[in-house]
Every structure is written in structure tokens, then in C-alpha cells.
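The values are calculated or read from the model by the stated rules, or taken from the named source; none is laboratory data. Worth saying up front: this structure is predicted, and the values here are computed from it rather than measured. Cβ sites come from the backbone with ideal geometry, for glycine too, and all protein chains shown count toward neighbours.
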Amino acid sequence: MVKASELREKTTEELKEQLKNLRMELFNLRFQLSTGGLTNPHRIKMVRKDIARILTILRERELNKSLNKGE
């Protein structure tokens, strides 16, 4: 599990790359779940929350950028 404070220190490009990797991991975990090979089902929940954290931080940055343009 990644902390939001750690994610905020990363660049936008790093966050997008990590988001891509987490989505791929989630796909693989769901595939393992459907085939019966998943050993840690709690990992799906953790990955989903990490994805949500990254999306939230990216959205915050997007909103801050648009607010700063308006000034």
C-alpha cells in the first residue's frame, strides 16, 4: 500500500506509469481469481485503493493547474 504523501512527491509522469502498472496488476489478479489461482484475494482491494489514490492526486493537480490559469 502506497501512502498519499509518497505519491504527491512523484511527478505526474511517474504517477501515470505507476497507474498503468497497477491496472495491469489488477487485471492479472482478476484473471487469477477467475481461474482459481489467486492466493491473496485481499491484494485486489489494496491495488484498487492504490489506483484510487493515484487518480485522486492526478485530479487534484489538474484542478490546481486550471485554478492557477484563471488568476
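In table form, for the structure just shown:
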| read-out | value |
| --- | --- |
| Hits in the range 16-45 - residues which are over 22 Å from Arg59 (Cα atoms) and among the hydrophobic types (A, V, I, L, M, F, W, C) | Phe27, Leu29, Phe31, Leu33, Leu38, Ile44 |
| Pair list, Cβ under 9 Å, 6 or more apart: the range 43-71 residue more than 20 Å from Ser5 (Cβ to Cβ), other residue among the basic types (Lys, Arg) and at pLDDT 95 or above | Ile44/Arg30 |
| The range 21-42 residues that are under 14 Å from Met1 (Cα atoms) and aromatic (Phe, Trp, Tyr), paired with ones that are in a loop (DSSP other than H, G, I, E, B) and modelled with pLDDT under 95 (beta carbon under 6 Å, 6 or more apart) | none |
